[in-house]
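The values are calculated or read from the model by the stated rules, or taken from the named source; none is laboratory data. Just so it is clear, the model here is predicted, and its values are computed rather than measured. Methodologically, a virtual Cβ is constructed for each residue, glycine included, from the backbone with ideal geometry; neighbour enumeration extends over all protein chains shown. Accessible surface is based on the protein model in full, side chains and every heavy atom, while ligands, DNA and RNA are left aside. Shrake-Rupley method; radii C 1.70, N 1.55, O 1.52, S 1.80 Å.
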2 protein chains.
Amino acid sequence: MEAQSPKGSRLDPWIDEYAVRAQSLTASEIRALFAVASRPEVVSLAGGMPFVSALPLQSIADSVAKMIRDQGSYALQYGSGQGDLTLRGQILDVMSDTGVSAHPDDVVVTTGSQMALDLVTKVFCDPGDVVLVEAPSYVGALSVFRSYQCDVEHVAMDDDGMIPEALAETIAAVRASGRRPKMIYTVPTYHNPAGVTQTQSRRDQVLEIAQREGLLILEDDPYCLLGFDGAVPTAIRARDSDQVVYLGSFSKTIASGLRVGWAVAPHGIREKLVLAAEAAVLCPSNFTQSVVSEYLGNEPWREQVDVFRGLYRDRRDALLESLQQLMPPGTHWTVPAGGFYSWVTLPEGLDATAMLPRAISELVAYVPGTGFFDNGDGAQNLRLSYCYPEPERIREGVRRLASVIETEIEIGQTFGTTNTLHHPHGSGIPTPDIA
Amino acid sequence: MEAQSPKGSRLDPWIDEYAVRAQSLTASEIRALFAVASRPEVVSLAGGMPFVSALPLQSIADSVAKMIRDQGSYALQYGSGQGDLTLRGQILDVMSDTGVSAHPDDVVVTTGSQMALDLVTKVFCDPGDVVLVEAPSYVGALSVFRSYQCDVEHVAMDDDGMIPEALAETIAAVRASGRRPKMIYTVPTYHNPAGVTQTQSRRDQVLEIAQREGLLILEDDPYCLLGFDGAVPTAIRARDSDQVVYLGSFSKTIASGLRVGWAVAPHGIREKLVLAAEAAVLCPSNFTQSVVSEYLGNEPWREQVDVFRGLYRDRRDALLESLQQLMPPGTHWTVPAGGFYSWVTLPEGLDATAMLPRAISELVAYVPGTGFFDNGDGAQNLRLSYCYPEPERIREGVRRLASVIETEIEIGQTFGTTNTLHHPHGSGIPTPDIA
């Protein structure tokens, strides 16, 4: 008989050999649930998958074929560690509405902006360094910070984004505890998962705090072009090119499967990022960069972003209308002005992780709130994504979810409490391919 | 006037904020030289760029276009962190001649095998852990090990690859010094940069040492299908699936610009690698994976590898013949049976780094040997790559190089020494896009 570890997995003979940082790499129990949630009969409001089926596939097929015929021996070859120069120039144009002004030399193309997050953290953070993040924060960023053994401190946010006073207080508390704050990670625009957008005056205050405290701001801005009224909020980076590393992505405006994102960084940091990128992957894919560059150069990409924007606005409307109609009293949610997400607060006493198995058996899935915190908070919260399902499916999903919540409330009223699963520390978030 | 740092670069206000590990990220002085070396009049024997122009571009264009039309909404979407299941199955077939037998679950697809190197090191090595590598070793691996603050110890090799007795002695010395050996990194087949292949009996001995000492073997095998007699040496992994993480790549058999590589790992390590990969990039590109999968499924890929193999054999022959005809006495080189490289030892007293500026002014480029060592060795060595230039250009390059070496010898005889540049510790290697 084979030896079994307590958790039922096969005994790992290498268990004592891993690096300390690998202790953060643990699979969550709800991962298995999400495998079930990918069945087609489940309405998934969980994954943040862009609706790439809206892309003009025939036209992309033709232009990629042309690109391969005309410049295949470039696209199929190793490339620059910093990324293709033509694409870096085009990226300046893509960012222009955010107010970010830069030089192609300031841009580093990465394998999705996730990799830029990883590289900035690798270059900046020693074990124990503190990263300040919103409460809640993007789960992929929390994974990166943990993987480099950073301490994560959450800063309160409300419908206007991260609260500057709370930021200043948290920094002071970190310093008082003898720890070293290193950077502020923020998604000011169409926040994942909170669905809110920071006001301009708060952005200015956050920047002033960072300048005063000597902290780097890591501004993650993948959703900026997806505002439902067409407005593009001015990035923090637009006001200060020395204090901010700005991250952008084509995952939501073109296609996530290409894995093309970028960082805009101050000179010295950019040099380190390129060297770190070369160590990590040698270079980003010339092939996918050429696909993006061709698309930006020859397709009406701004019109296509308008198509996405309209499509996501309709889905956001479907979500908000059905939440309004169907959710039991005591349930609250944010009203996103762009992006993919709304953040839901359940009635008092309910637990989103405990409720998830029942939701999935009722054929609706969401992401429980605890995954977006590093400190166990978020039990009463969940994230709803409206980006992928069609409006009618979203309405059906909300109907099922409302019914699950109502049942939970009844159970709570009958038995005085709802069942509460153990919340493991750390991420319970599936990979984004699970819709 | 702007403040200037001693090295003439702009003063970096973040200089005191970087992580300790970022100290390894320094650009070498010879990087600037290689920018010059990329001019078309220079015969570059420096970069390890595969000759992708030999690919059937028209046919690839057609099949990629079809792939986008038929399954674009999959290829353009986020994917699995472990990689596409179909491709993982196809990878088993690609590896079959190496004797590696595995299950698709054992395979992790990465953004080039460089990323697999990075992830294995991230998961396994704490700062100060010792990695044993060949002398010389692949520069991209040394960059990774430094970026995680590993100690690197070189193990002597000869024309039959890493010497098992030297490995055992080095491990003993590391343990005696109170340090912890963690893994053995090896390129047993068509070694980069040494151009040699380890014998099967030595592979067995290295494996036995690893088993006895409890060390992981990281077997890097990107060139295995490029043996000039068509033979594929049996991988170390073929004999032990628990002791070895095996790395493979499509960069040399299909196209480096796609950035698709893989790791085959024991169960527990594979789980950690997938979680680390998700933190680093969320998932590898579904798009480039679909391109590779389509190519493997519908193109005569083995015949294309035969084309590459013949082409590289002709270039290897051109290199060896002209070295034989033209090199001054006292110059030695390895005779590669496959792969991209020959490792040259200069006559006594010559210094390959010092000689490089003169070589480039004579319009020939190579990579000096010191970059392939972590300990300052290799001054008398250089690496010649024959993969990219046409045979006639290779002959011209060797002619120029022989003339530079002869001049160096004369200078040495006249003045008793050659000029010696300062050798900065660490890599002087350009990124692979510099041919």
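Accessible area per residue of segment A:175-331 at 1.4 Å probe, in Å²?
Counting only protein heavy atoms, the per-residue value for segment A:175-331 is 28 Å².
Does anyone have the angle between helix B:57-75 and the longest principal axis of chain B? Alpha-carbon axes, 0 to 90°, nearest 10?
50 degrees
For label points placed 7 Å from Cα toward Cβ, what is the shortest-first list of nm distances from B:S101 to its copies?
6.6
Apply the a/c threshold of 1.5 to the C-alpha gyration tensor of segment A:90-217 and tell me whether it is rounded, prolate or oblate. Display every interim value, and only then the final one.
On the way: a/c = 1.59, a/b = 1.21, b/c = 1.31.
Oblate is the answer for segment A:90-217, as a/c is 1.5 or above yet b/c matches or exceeds a/b.
Between A:R399 and B:E41, how many nm apart are label points set 7 Å from Cα along the C-beta direction?
The two pseudo-label positions are separated by 7.6 nm.
Using a 10 angstrom cutoff on alpha carbons, build the Gaussian network for chain B and name the most mobile of B:A37, B:A75, B:A365.
Comparing B:A37, B:A75, B:A365 in the GNM, the peak value goes to B:A75.
Rank A:Y223, A:Y388 by accessible area, highest first, at a 1.4 Å probe radius?
Numbers: A:Y223 5, A:Y388 75 Å².
Largest accessible area first, the residues go A:Y388, A:Y223.
What percentage of the solvent-accessible surface of segment B:44-166, computed with a 1.4 Å probe over protein heavy atoms, is contributed by carbon and sulfur atoms? Kindly include the intermediate steps, with their values, before the conclusion.
On the way: 1550 of 3240 Å².
Answer for segment B:44-166 is 48 percent, counting heavy atoms of protein chains only.
Which of the three applies to segment A:252-353, rounded, prolate or oblate, going by the alpha-carbon gyration tensor with a ≥ b ≥ c and a/c under 1.5 meaning rounded? Please report the intermediate quantities before stating the final value.
On the way: a/c = 3.42, a/b = 1.78, b/c = 1.93.
Judged from the Cα gyration tensor, segment A:252-353 comes out oblate (a/c at least 1.5, b/c at or above a/b).
How charged is the neighbourhood of A:E294? Take every other residue with its Cβ under 14 Å from the Cβ of A:E294, and add Lys/Arg as +1 and Asp/Glu as -1.
Numbers: positive: A:K66, A:R69; negative: A:D62, A:D70, A:D84, A:E299.
After counting each charged neighbour, the total is -2.
Could you tell me how many degrees, from 0 to 90 and to the nearest 10, lie between the Cα long axis of helix B:301-326 and the main elongation axis, the longest principal axis, of the Cα atoms of chain B?
10 degrees
In nm, give the distance between the simple-model label positions of B:D158 and B:A231, each being 7 Å from the Cα along the Cα-to-Cβ direction.
It works out to 1.9 nm between the two label points.
Return the average number of partner chain Cβ atoms within 10 angstrom of each residue Cβ along peptide A:44-55. Walk me through the intermediate numbers first.
Details: counts 0, 0, 0, 2, 1, 2, 3, 2, 8, 5, 1, 4.
Counting other chains' Cβ atoms within 10 Å and averaging over A:44-55 gives 2.
Multiply the residue separation of B:Q23 and B:Q71 by 0.36 nm, subtract the distance between their alpha-carbon atoms, and state the gained length in nm to one decimal. Could you put the intermediate results ahead of the total?
On the way: separation 48, 0.36 × 48 = 17.28 nm, distance 4.44 nm.
In short, 12.8 nm is gained.
List the residues of segment B:58-73 that lose 50 Å² or more of accessible area once all protein chains are present, compared with their chain alone (1.4 Å probe, heavy atoms only, no ligands or nucleic acids).
Residues passing the criterion (a loss of at least 50 Å², heavy atoms only) are B:A61, B:I68, B:R69, B:S73.
Taking Cα atoms, how many degrees apart are the long axis of helix B:391-415 and the longest axis of chain B, rounded to 10 and kept between 0 and 90?
40 degrees
Per residue, how much accessible surface does segment A:1-121 expose to a 1.4 Å probe? Answer in Å², no decimals.
Numbers: 5080 Å² over 121 residues.
Per-residue accessible area for segment A:1-121 comes out at 42 Å².
Quote the charge dipole size of segment B:211-299 about the Cα centre in Debye, to the nearest 20; the model charges only the Cβ of Lys and Arg (+1) and of Asp and Glu (-1).
Value, rounded to 20: 100 debye.
To the nearest 0.05, how large is the calculated FRET efficiency for B:E303 and A:S53 if R₀ is 35 Å and r is the Cβ-Cβ distance?
Numbers: r = 36 Å, r/R0 = 1.02.
After rounding to 0.05, the efficiency reads 0.45.
Please compute the average number of Cβ atoms from other chains found within 10 Å of each residue's Cβ in peptide A:77-85.
5
Assuming a ≥ b ≥ c are the square roots of the Cα gyration tensor eigenvalues, decide whether segment A:67-120 counts as rounded (a/c under 1.5), prolate (otherwise, with a/b larger than b/c) or oblate.
Working: a/c = 2.38, a/b = 1.44, b/c = 1.65.
Oblate.
Points 7 angstrom from Cα along the Cβ direction at A:R31 and B:E169: gap in nanometres?
4.4 nm
Starting with the highest mean, order A:112-122, A:391-401, B:292-302 by the number of other Cβ atoms within 10 Å, averaged over the residues of each peptide. Write out the running numbers ahead of the final one.
Values: A:112-122: 27.5, A:391-401: 19.9, B:292-302: 18.0.
So the peptides A:112-122, A:391-401, B:292-302, ranked by packing, come out A:112-122, A:391-401, B:292-302.
First measure r as the distance between the Cβ atoms of B:S101 and A:N375, then evaluate 1/(1 + (r/R0)^6) with R0 = 35 Å and state the FRET efficiency to the nearest 0.05.
Numbers: r = 45 Å, r/R0 = 1.29.
Rounded to the nearest 0.05, the efficiency is 0.20.
Where the only charges are on Cβ atoms (+1 Lys, Arg; -1 Asp, Glu), what is the dipole of the protein assembly as shown about its Cα centre, to the nearest 20 debye? List each step's numbers first, then the result.
Numbers: 68 positive and 108 negative charges, 63 e Å.
Using Cβ point charges on Lys, Arg, Asp and Glu, the protein assembly as shown gives about 300 debye.
Using the 7 Å Cα-to-Cβ label point, sort the distances from B:I15 to its equivalents in the other copies shortest first and give them in nm to one decimal.
Label-point distances to the other copies, shortest first: 4.8 nm.
With N set to the residue count of segment B:18-117, report its C-alpha Rg divided by 2.2 N^0.38 Å to two decimal places.
Details: Rg = 19.7 Å, N = 100, 2.2 N^0.38 = 12.7 Å.
Taking the Cα Rg and dividing by 2.2 N^0.38 Å, one obtains 1.55.
Taking all protein chains together and a probe of 1.4 Å, list A:M183, A:M327 from the most accessible to the least accessible.
Details: A:M183 0, A:M327 25 Å².
Ranked list, largest accessible area first: A:M327, A:M183.
Find out how many positive minus negative residues lie around B:I163, taking Lys and Arg as positive, Asp and Glu as negative, among other residues whose Cβ is under 10 Å from that of B:I163.
Numbers: positive: B:R202; negative: B:E134, B:D158, B:D160, B:E165, B:E169.
Around B:I163, the surrounding residues sum to -4.
Accessible area lost on pairing B with A, both sides, 1.4 Å probe, Å² to nearest 100? Don't skip to the answer; put the middle values down first.
Details: alone 18700 and 18690 Å², together 29820 Å².
Counting both chains, the buried surface is close to 7600 Å².
Rounded to the nearest 10 Å², what accessible area does A:K182 show when all protein chains are kept and the probe is 1.4 Å?
Ignoring ligands and nucleic acids, A:K182 comes out at about 0 Å².
State the percentage of accessible surface on segment B:224-348 attributable to carbon and sulfur atoms; use a 1.4 Å probe and exclude ligands, DNA and RNA.
On the way: 1660 of 3590 Å².
Accessible surface attributable to carbon and sulfur in segment B:224-348 totals 46 percent.
Is any residue of segment B:124-157 close enough, with backbone N under 15 Å, to a label point placed 7 angstrom from the Cα of B:D12 along the Cα-Cβ axis, and if so, which?
Within reach of a label on B:D12, which here means backbone N under 15 Å from a point 7 Å along Cα→Cβ, segment B:124-157 contributes B:147.
Cross-link list A:K122/A:K182; B:K122/B:K182; A:K182/A:K272; A:K182/A:K252; A:K272/B:K122: which exceed 24 angstrom alpha carbon to alpha carbon? Let's see the in-between values first.
On the way: A:K122/A:K182 12 Å; B:K122/B:K182 12 Å; A:K182/A:K272 16 Å; A:K182/A:K252 29 Å; A:K272/B:K122 18 Å.
Those over the limit are A:K182/A:K252.
In bins 10 Å wide, starting from 0, what share of all Cα pairs of the protein assembly as shown does each bin hold, as a percent?
2, 13, 22, 25, 20, 11, 5, 1, 0, 0
Give me the net charge of B:V139's neighbourhood, meaning all other residues with Cβ under 11 Å from the Cβ of B:V139; Lys, Arg count +1, Asp, Glu -1. Intermediate values should be presented prior to the final figure.
Working: positive: B:R146, B:R383; negative: A:E278, B:D374.
Net charge in that neighbourhood comes out at 0.
Taking B:N375 in one copy and the same position in all the others, each labelled 7 Å out along Cα→Cβ, what are the pairwise distances from the first, in nm, shortest first?
4.9
Let me confirm one metric for peptide B:211-218, namely the mean number of other chain beta-carbon atoms within 10 Å of its residues' beta-carbons.
On the way: counts 0, 0, 0, 4, 1, 2, 0, 0.
Counting other chains' Cβ atoms within 10 Å and averaging over B:211-218 gives 1.
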